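*Asks:* This is the structure, below, for whatever I ask next.
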Amino acid sequence: MLGVLIARAAGRPLDVFLRERVFDPLGMVDTGFATPQPERLGTCYGLNGETGERFVYDPPAGQWSKPPAFPSGGGGLVSTLDDVHAFGRMLLADGRLPDGSRLLSGASVAAMTTDHLGVDRGAPGPSPDGSQGWGFGVGVQVRRTGLASPPGSYGWAGGLGTSWANDPGGHLVGVVLTTDMFTSAFPPPAVIQDFWTGLSAALDD
């Protein structure tokens with residue numbers, strides 16, 4: 001529904017709006033709802049819960065090799081590490097682009113990255129342990145869990161095997177992209193947990 005509202009308010013399709021207002025200014029040349037170069041895509045794998053065997057969920061010539069019938073305002077983009085990093089870096093810079101110009105106001109970034117559920121006051125959040133709340137489009141860490149995810153960090157995990165988060169206190173943008181789907185939202189796969197733990201440990205050093 002959000003995608004439809006944006007398209008109607010902007011007077012242009014959602015994918016065109018995102019390209020003009022977000023992707024192009026950030027230099028995110030490899031981000032979209034599909035790619036004309038499917039040979040650059042990796043195979044996405046799932047895991048059979050009964051047998052433990054991997055299976056092909058989506059091959060390179062699969063659903064992201066052609067535009068969707070209905071671009072979603074809630075997900076479905078294909079991207080690269082460099083492009084996701086560019087987006088995270090912009091938010092970490094309070095909405096500024098590398099040249100110092102603004103894509104978003106500082107107030108908008110603050111609103112996006114603040115928990116609006118009131119998890120610290122007892123409202124149920126996206127994580128079963130109550131350590132996360134929701135901002136606008138990102139999960140927000142309200143209390144630390146282990147070495148990783150300090151309070152104030154925020155980001156997004158994709159069910160098809162990706163994880164991105166910003167740690168403003170550590171001036172850190174972290175991105176990990178894998179080819180294996182999550183089998184559950186919490187906890188994330190061990191390789192994702194190990195990435196964030198290792199990154200936090202290196203930052204402490």
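The values are calculated or read from the model by the stated rules, or taken from the named source; none is laboratory data. Please read these numbers as outputs of a predicted model, since none were measured by experiment. Methodologically, a virtual Cβ is constructed for each residue, glycine included, from the backbone with ideal geometry; neighbour enumeration extends over all protein chains shown.
*Asks:* Could you please give the count of residues in segment 160-205 that are small (Gly, Ala, Ser), touching a residue at least 24 places away in the same chain (Cβ under 8 Å) and either in contact with a helix residue (DSSP H, G or I) (Cβ under 7 Å, 6 or more places away or on another chain) or in a helix (DSSP H, G or I) (or both)?
*Replies:* Step one: of segment 160-205, the residues small (Gly, Ala, Ser) are 161, 163, 165, 169-170, 174, 184-185, 190, 198, 200-202.
Keeping just the survivors that are touching a residue at least 24 places away in the same chain (Cβ under 8 Å) gives 161, 163, 165, 170, 174, 185, 200-201.
Now restrict to residues that are either in contact with a helix residue (DSSP H, G or I) (Cβ under 7 Å, 6 or more places away or on another chain) or in a helix (DSSP H, G or I) (or both): 163, 170, 174, 200-201.
The qualifying residues number 5.
*Asks:* Moving on to the next point. Quick check on segment 91-105. Is at least one of its residues within 24 Å of ALA190 (Cβ to Cβ) and either outside any helix (DSSP H, G or I) or touching a helix residue (DSSP H, G or I) at 6+ places or on another chain (Cβ under 8 Å) (or both)? Let's see the steps before the verdict.
*Replies:* Filtering segment 91-105 down to residues within 24 Å of ALA190 (Cβ to Cβ) leaves none.
Within segment 91-105, none of the residues are within 24 Å of ALA190 (Cβ to Cβ) and either outside any helix (DSSP H, G or I) or touching a helix residue (DSSP H, G or I) at 6+ places or on another chain (Cβ under 8 Å) (or both).
*Asks:* Another question, if that's okay. If I filter segment 84-125 down to residues being among the β-branched types (Val, Ile, Thr) and under 17 Å from the mean Cα position of the chain (by Cα), which single residue comes out as farthest from ARG144 (Cα to Cα)?
*Replies:* VAL84
*Asks:* On to the next question. Could you list, in sequence order, all residues of segment 138-159 that are assigned to a loop (DSSP other than H, G, I, E, B), within 16 Å of the chain's Cα centre (by Cα) and modelled with pLDDT under 90?
*Replies:* SER149, GLY159
*Asks:* Quick one: what pairs do we get from segment 35-50, first residue under 11 Å from VAL78 (Cβ atoms), second modelled with pLDDT of 90 or more and of a type in the set (Ser, Thr, Tyr), C-beta under 8 Å, 6+ apart or different chains?
*Replies:* Close Cβ pairs (under 8 Å, with a partner that is modelled with pLDDT of 90 or more and of a type in the set (Ser, Thr, Tyr)) amount to THR35/SER65; PRO38/SER65; LEU41/THR35; LEU41/SER65; GLY42/THR179; CYS44/TYR57; CYS44/THR179.
*Asks:* Quick one: what pairs do we get from segment 68-94, first residue within 17 Å of PRO25 (Cβ to Cβ) and at pLDDT 95 or above, second surrounded by fewer than 14 Cβ atoms within 10 Å (Cβ to Cβ) and of a type in the set (S, T, N, Q), C-beta under 7 Å, 6+ apart or different chains?
*Replies:* The qualifying pairs do not exist here.
*Asks:* Tell me, please, whether a residue that is in contact (Cβ under 8 Å) with a residue 12 or more places away in the chain, out of contact with any Lys or Arg (no Cβ under 8 Å at 6 or more places or on another chain), closer than 26 Å to GLY27 by Cα and of a type in the set (Gly, Ala, Ser) can be found in segment 114-130.
*Replies:* Checked against the condition, which is being in contact (Cβ under 8 Å) with a residue 12 or more places away in the chain, out of contact with any Lys or Arg (no Cβ under 8 Å at 6 or more places or on another chain), closer than 26 Å to GLY27 by Cα and of a type in the set (Gly, Ala, Ser), segment 114-130 yields no hits at all.
*Asks:* A follow-up question, please. What are the residues in segment 51-90 that are assigned to a loop (DSSP other than H, G, I, E, B), polar (S, T, N, Q) and touching a helix residue (DSSP H, G or I) at 6+ places or on another chain (Cβ under 7 Å), if any?
*Replies:* Of everything in segment 51-90, just one residue is assigned to a loop (DSSP other than H, G, I, E, B), polar (S, T, N, Q) and touching a helix residue (DSSP H, G or I) at 6+ places or on another chain (Cβ under 7 Å), namely SER72.
*Asks:* Take SER153 and tell me if it is free of Cβ contacts under 8 Å to residues at least 24 places away in the same chain, crowded, with 20+ Cβ neighbours inside 10 Å and of a type in the set (Ser, Thr, Tyr). Break it down stepwise before answering.
*Replies:* Values: free of Cβ contacts under 8 Å to residues at least 24 places away in the same chain: yes; crowded, with 20+ Cβ neighbours inside 10 Å: yes; of a type in the set (Ser, Thr, Tyr): yes.
Yes; evaluated as a whole, the condition is true for this residue.
*Asks:* Return the residue satisfying two criteria in turn: it lies in segment 84-122 and is surrounded by 15 or more Cβ atoms within 10 Å (Cβ to Cβ) and of a type in the set (Ser, Thr, Tyr), and of such residues it is nearest to ASN166 (Cα to Cα).
*Replies:* The selected residue is THR113.
*Asks:* Oh, and also: Quick one: how many residues across segment 161-173 are crowded, with 18+ Cβ neighbours inside 10 Å and either at pLDDT below 95 or of a type in the set (A, V, I, L, M, F, W, C) (or both)?
*Replies:* Number of matching residues: 7.
*Asks:* Another question, then. Any residue that is at pLDDT 90 or above and exposed (fewer than 13 other Cβ atoms within 10 Å of the Cβ) - is there at least one of those in segment 123-136?
*Replies:* Yes - at least one qualifying residue is present in segment 123-136.
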